Amino acid sequence: MTADEFVAQLDAQNRALLERLAPDATLKPEVAGDLSVVNLLKVALKNELEATEIAARWLVTTAELPVKLALARQVGDEARHYRLIAERLGALGFVATAFDPLAKGYGPLFAYLDTLPSTVERVAAGQFTREAIAIVKNRQFIEFCEAAGDEKTAALYREVIEPDERHHHELGRTLLRSLATTVGAQEAAARASRRTLELAEELQQQALAGAGIHHAPGC
Ligand SMILES: [Fe+2]
Ligand SMILES: [Fe+2]
C-alpha cells in the first residue's frame, strides 16, 4: 500500500470509530451541577496543557525537521488555547490562575503518548488521531455551549480553537503521508492510532460514569 492509500484507509477507519465517541445522551446543560461550561473548560485546561507538553517533549526528541517545526507551532497554539480558555474562565467568574490542572497528575493518554518512540507513531497518534478526536469533541462542545446560552465560549471554540485543531490534524495527515512509507511504519502508525482512540473512548466512558461529564472539549 502506498503512504497515501494507507493514510486514506486510516482516516476512514478512524472516522468510523469516532462515531462511538458521540454519546447518545441528549445535551442537557446543568447550570448548578457538574455538567457546566465552567467545569468542562477546566477539563479543557488540562487537555491543552497536556497537548502543549507532549508536543514540547517530542519537539526536542524528533529529528525530522518538518515534524520538529510542526510540533513547535503546535506548542505555541496549544499554549495559546490554554491562555484563551483561562481568560474565558475568568470572565465566567472562575480564577484559573489559582487552578493547577495537573494537581492529580497527567492522564493516561498523555502517559501513553509519552512512550511512543518513533516519529511515525507520534504523528499518527498525537496529531492525526488525537486532533481528529478534538474536532469531533469540540463540535459537540460548541453545541453544548449554545444549548447553555453561552455564545461567547461557543464563538471562542468555533472561530479560534477549532480551526487550529483542524490545522494540527491536517498537518498530521501531510506528515504521515511522508512517513508511513513502509509496511513496518504503517503497522506501527495504525497501532498507535488505534490505541489513542481506545484510550479516548475509555476516558470518555470513565468521565461519563464518574462525573457525568460528556462533551468535554479536546485539543
Ligand atoms: Fe488545543
Ligand atoms: Fe491541537
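Based on the alpha-carbon gyration tensor of the chain and its eigenvalue square roots a ≥ b ≥ c, which shape applies: rounded if a/c is under 1.5, prolate if not and a/b is larger than b/c, or oblate? It comes out prolate by the Cα gyration axes.
Near His169, once Lys and Arg are set to +1 and Asp and Glu to -1 for all other residues with Cβ below 15 Å from its Cβ, the sum equals +1.
Helices meeting the span-like rule in the chain (full DSSP H runs, Cα extent of at least 27 Å along the helix axis, mean Kyte-Doolittle score of -1.0 or higher): 37-61, 65-91, 183-211. Classify the range 98-162 as rounded, prolate or oblate, taking a ≥ b ≥ c as the square roots of the eigenvalues of its Cα gyration tensor: rounded when a/c is under 1.5, otherwise prolate if a/b is larger than b/c and oblate if not. Oblate, because a/c is 1.5 or more while a/b does not exceed b/c. The simple spin-label model puts a point 7 Å past each Cα toward its Cβ; for Arg73 and Glu201 those points are separated by 3.1 nm.
Here the dipole of the range 64-189 is about 160 debye; that uses its Cα centre as origin and unit charges on the Cβ of Lys and Arg (positive) and Asp and Glu (negative). Here the Gaussian network model covers the chain, with springs between Cα atoms less than 10 Å apart; of Gln205, Gln127, Gln186, Gln205 fluctuates the most.
Distance between the pseudo-spin-label points of Glu19 and Glu143 (7 Å out from Cα toward the beta carbon): 1.4 nm. Among Ala190, Ala12, Ala79, determine the one that fluctuates most according to a GNM of the chain built with springs between C-alpha atoms less than 10 Å apart. Comparing Ala190, Ala12, Ala79 in the GNM, the peak value goes to Ala12. A full extension of the chain between Arg166 and Asp100 corresponds to an added length of 21.1 nm, given 0.36 nm per residue minus the alpha carbon distance. Comparing Glu165, Glu78, Glu202 in a Gaussian network model of the chain (Cα springs below 10 Å), the most mobile by mean-square fluctuation is Glu202.
Label-to-label distance, Arg191 versus Leu92, with points set 7 angstrom from Cα along the beta-carbon direction: 4.0 nm.
FYI, it's all coordinate maths here, none of it is from the lab. Only a predicted model underlies this, so the values are computations on that prediction, with no experimental measurement involved. Note that each Cβ is placed from the backbone with ideal geometry, even for glycine, and that neighbours are counted across all protein chains shown.
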